[in-house]
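Quick notes on the structure that follows.
Nothing in this text is a laboratory measurement; each read-out follows from the coordinates by a stated rule. Since the model is a prediction, treat every value here as computed from it, not as a measurement. Methodologically, a virtual Cβ is constructed for each residue, glycine included, from the backbone with ideal geometry; neighbour enumeration extends over all protein chains shown.
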Amino acid sequence: MTTQTTAPAPTGTAERPARPERPVRPPRAARPNGQWKVDGTTPLNHNEEFKQESDPLAVRERIEQVYAREGFDSIPGDDLHGRFRWWGLYTQRKPGIDGGRTATLEPHELEDRYFMLRVRIDGGALTTDQLRVIAGISTEFGRGTADITDRQNIQLHWVEVESVPEIWRRLEAVGLSTTEACGDVPRVILGSPVAGVAKDELIDPTPVIETIQRRYIGDPSLANLPRKFKSAITGHPSLDVVHEINDVAFVPVVHPELGVGYDLWVGGGLSTAPRLAERLGVFVTQEQVPDVWHGVVQIFRDYGYRRLRNKARLKFLLADWGVERFREVLESEYLGHPLPDGPPAPLPDTPGDHVGVHEQKDGRFYVGVAPAVGRVSGEILAKVADLAEEHGSHRVRLTPYQKLLVLDVEAEKVESLVAGLDALGLQARPSLFRRNTIACTGIEFCKLAIVETKATATSAIASLEERLGDLTNLTPITLNVNGCPNSCARIQTADIGLKGQIVMDDDGNQVPGFQVHLGGGLVSADRGDEGGLGRTVRGLKVTADELPDYVERVVRRFDAERTDGESFAH
Ligand code: SF4
């Protein structure tokens, strides 16, 4: 006999007992993401609050009228740590605080009473007069510091708030500014360093960069974006503006019926959740670029996610929407007309750093030189301005690879200029390692840094030049040195990307070092349209002291095993 342990099956005729009624819950509302057009403009975090409380650009008046007169201690927190950025000012790191303490100290404990000041240089284009003014500011107010950044800016350090109004006066007298050099705004527009001069240029982007700059930089309607917004525009076939890691980018293309114009890319960015930009598949004429650029920025302003700052870049919206919806919203809500389909830009077959001597379209030459990891000084910049003028040039350009170009040099003056620049430590024929290494600011001045970068990279370059001088046929290998995971020097796009962190040495001591990413890169001829972000080599960490040993081992192994034409990434 079996014992029935379950209830008898209903017969279908008996009435079921009524179940007690459960309260009906309304469906849970999706958590707002802070998208202005979807969720309204109520601020969802403190950053959003301070941006709405007072126009960040208006802090300039307080700097000029109050803080520059009353000094550092008169600056309240939301201005000091927030709105100052809209004018290119960050407090710099207090000297002597090691990287192991970066995460444990409060931001105010890490900060000094001095500022990093970023001079915005759209397209990296400077006259020698402008260069001389920056050099003078560096010498007089920045203890001689000057770094060429991988976004074509120049950064100075040790600036006191008392000096800022005079610095602005001098910059603006020569047409330069620090407007929106940092902050949740359209940052400096990367532009081809050889715009208007290169022999093989397809289209000169100078007019569109100038138009965007004139119309929209400092426009209050674009001064409260969810986060930073990075732009890049080039007309050069080497695609020399790292367009794949910008929020919006225009690269040159020839349409079979419509002629020369641009291929539009959106949604690239590194740091948290690195992602290469994607093509929208449209063709944009030179005249349309400023409006299309404006449309993309407005999408970001209106639909970008503002709740969490680490999800606030345009790439997250693009990932959720996809390319088709993004294009549809751009065309229907912001432009009011469709854009024609367009072909992709051909893959580049030359490097885009423009180092060396190159003939211009007018028969003169430009000379591209490599300071080690972008580090120069006020003194050097002043000498470059003098030297350029002595050789008949009045124009210089900065590149997204921390390099410097002198334009418009007559053939017979080229070698004299090359020698003069070389004497300043600016090499037109650098070693592969000097040419292909970049480094971020690092612990010397950056409050987020965990390790030192500039000096470490510079001594690694010297050491590698010595150790690997015997490899005469070496393929260029890029080395990007970063002081923390934020990837300002593009960790994931280098052959060897280095992310600063505290690591254990052989004796079990915690020392400055790097996590290694291998095989990154951007779209280039050897890897198809995919591009590629570096793989983290799990568990592979090197101490800063071991860096040259490690790079030497990797390079020698690659050189011994590579097949003809093989690049480091593949
Ligand atoms: Fe600072 Fe990190 Fe950016 Fe380097 S990568 S400049 S250490 S935030």
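A compact table of results
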| quantity | calculated |
| --- | --- |
| Inter-probe distance in nm under a simple model that places probes 7 Å from Cα toward Cβ, at residue 219 and residue 335 | 1.6 nm |
| Sequence-separation-based contact order of region 221-260, relative, with Cα cut under 8 Å and 6+ spacing, percent | 34 percent |
| Highest average packing first - 506-517, 124-135, 311-322, Cβ atoms within 10 Å | 124-135, 311-322, 506-517 |
| Spin-label model distance (nm) - residue 459 vs residue 55, 7 Å beyond Cα toward Cβ | 5.0 nm |
| Percentage, to the nearest whole number, of Cα pairs in region 54-156 over 18 Å apart | 57 percent |
| Distance (nanometres) between label positions extended 7 Å along Cα→Cβ at residue 361 and residue 467 | 4.5 nm |
| Cα-Cα P(r), region 320-446, percent of pairs per 10 Å interval | 11, 33, 21, 15, 16, 3 |
| Length gained when the stretch residue 562-residue 98 is fully extended (0.36 nm per residue, less Cα-Cα span) | 163.0 nm |
| Neighbourhood net charge (13 Å Cβ-Cβ; Lys/Arg +1, Asp/Glu -1) for residue 76 | -3 |
| Length-normalised contact order of the chain in % [C-alpha pairs under 8 Å, at least 6 apart] | 13 percent |
| Surrounding net charge for residue 273, when Lys and Arg each add one and Asp and Glu each subtract one, Cβ distance under 9 Å | +4 |
| For the chain, Cys with no neighbouring Cys Cβ under 4.7 Å | 182, 446, 484 |
| Under 10 Å, Cβ to Cβ, from residue 361 - net charge with Lys/Arg +1 and Asp/Glu -1 | -3 |
| Relative pair counts by distance (%), Cα atoms of region 103-153, 10 Å bins | 20, 43, 24, 12, 1 |
| Mean Cα-pair separation over length for region 447-492, i.e. relative contact order, pairs under 8 Å, 6 or more apart, % | 47 percent |
| Packing-based order for 492-498, 69-75, using average beta carbon neighbours within 10 Å, highest first | 492-498, 69-75 |
| Highest average packing first - 247-254, 272-279, 328-335, Cβ atoms within 10 Å | 247-254, 272-279, 328-335 |
| Residue 415/residue 25 FRET efficiency (R0 51 Å; Cβ-Cβ; nearest 0.05) | 0.05 |
| Extended-chain gain in nm, criterion 0.36 nm per residue less alpha-carbon gap, residue 507 and residue 321 | 62.0 nm |
| Between helix 414-423 and the chain: long-axis angle, C-alpha atoms, 0 to 90°, nearest 10 | 70 degrees |
| Cα centroid of region 94-169 to Cα centroid of region 326-343, whole Å | 40 Å |
| Ratio Rg/Rh [Cα only; Rh per Kirkwood] for the chain | 1.05 |
| Qualifying lysines (Cα of each under 16 Å from Cα of residue 51; at least 8 residues distant if same chain) | 228 |
| Rounded Å value of the spacing that divides the Cα centres of region 208-251 and region 45-83 | 26 Å |
| Cα centroid separation, region 264-315 to region 400-476 (Å) | 32 Å |
